[in-house]
């Protein structure tokens, strides 16, 4: 009986120790013992993509996931589509690569919620829908105001000043 208890406690301790050990711990341990000439071959798990894409900018600057960034941009595009004249929306959408794909990644709102929001009318309903979509992505409404300047910065860096001018009037 004592042997069984000792075995159980040892197994439990070993299991808990393994759960506390992560891939970044392994990378750190290897980098301290690996020869300097091979350290560059060890991939870093803590660095995010340095991509200059809009989604890359959002994930790097805000710490959101690719899904949250894509869904958030799609939700903002959906808002812009409802609020802007068609030609202005086209200018904004053309400035964002894969805009139609991103638009399709915006979370769908519940029709009952949509009916309730529709009673608010116009811009208020569209903003309430945008807030609801961000919530569906696990983002609070304050994240909208964090996405907007990054999108504007993206337009500036990609030299799409017409889109930047139109988009800046939305928020």
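Before moving on, here are some points about what is shown:
- Between residue 108 and residue 86, the distance separating the two model label sites (each 7 Å from Cα on the Cα→Cβ line) works out to 2.5 nm.
- Scoring 97-104, 125-132 by mean Cβ neighbours within 10 Å over their residues and listing the highest first yields 125-132, 97-104.
- Mean separation of Cα pairs under 8 Å and 6 or more residues apart, divided by the residue count, gives region 54-168 a relative contact order of 33 percent.
- Efficiency of FRET from Cβ geometry, residue 146 and residue 66, R₀ 22 Å, rounded to 0.05: 0.85
Values in this text are rule-based calculations from the coordinates and carry no lab data. What you are looking at is a predicted structure, and each value in this text was computed from that prediction instead of being measured. So basically every Cβ, Gly included, is an ideal-geometry build from the backbone, and we count neighbours across all protein chains shown.
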